[in-house]
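What follows is a single structure, written as structure tokens, with notes after it.
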Amino acid sequence: MSDADHEVRWAQYCADVERRWREAMRVPDPEEVKAAEHRLGMDKWRCGRCAWLCQNPHPNMYERQVVSHDKRHTELEALSDDQLIHRYVMSEIVVNEFDNRIGYAELTKRGYDTAKIPRPRYSMLGWC
């Protein structure tokens, strides 16, 4: 991947994070929450598809997080293998639990061994 490709993907990633944050602050309708819980196969507070656990006790945060988590599953499942691997690796650099858990679950479902995916390493020169 060239530096230009990396820069484009990084800009897309940052724009996606900001868009998801704004969307996540909206309080969803009860019907939307029920639909998301059904699609995720929620077992009380745990996602049935990637084992994510919603532990936020603040008012309306369970509803917000379940709906945004469901949307994130849909978005990541639509990515190509190459895009999904990139997003999974980036979720370890810029800590993003949703992308990391969903990416792991989706890559495993697609038959990838995530332990064999090359990871960037941090050194005194930065990420390489």
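Key figures for this structure:
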quantity	calculated
Loop chymotrypsin sites (Phe, Trp or Tyr not before Pro), region 1-100 (other Cβ atoms within 10 Å of the site Cβ: 13 or fewer; DSSP)	TRP45
√(5λ) per eigenvalue of the Cα gyration tensor, the chain, largest first, Å	28, 17, 13
Exposure rank, largest accessible area first [VAL94, VAL89; 1.4 Å]	VAL94, VAL89
Probe 1.4 Å, protein heavy atoms only - accessible area per residue of region 1-127 in square angstrom	64
222 nm mean residue ellipticity, helices alone, for the chain (DSSP H n ≥ 4; -39,500 (n - 2.57); rounded to 500)	-19500 deg cm²/dmol
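The values are calculated or read from the model by the stated rules, or taken from the named source; none is laboratory data. Computed from a predicted structure; not experimentally measured. Here Cβ is always computed from backbone atoms with ideal geometry, including for glycine, and neighbour counts include all displayed protein chains. We work out accessible area using only protein heavy atoms, side chains counted, and drop any ligands, DNA or RNA first. Shrake-Rupley method; radii C 1.70, N 1.55, O 1.52, S 1.80 Å.
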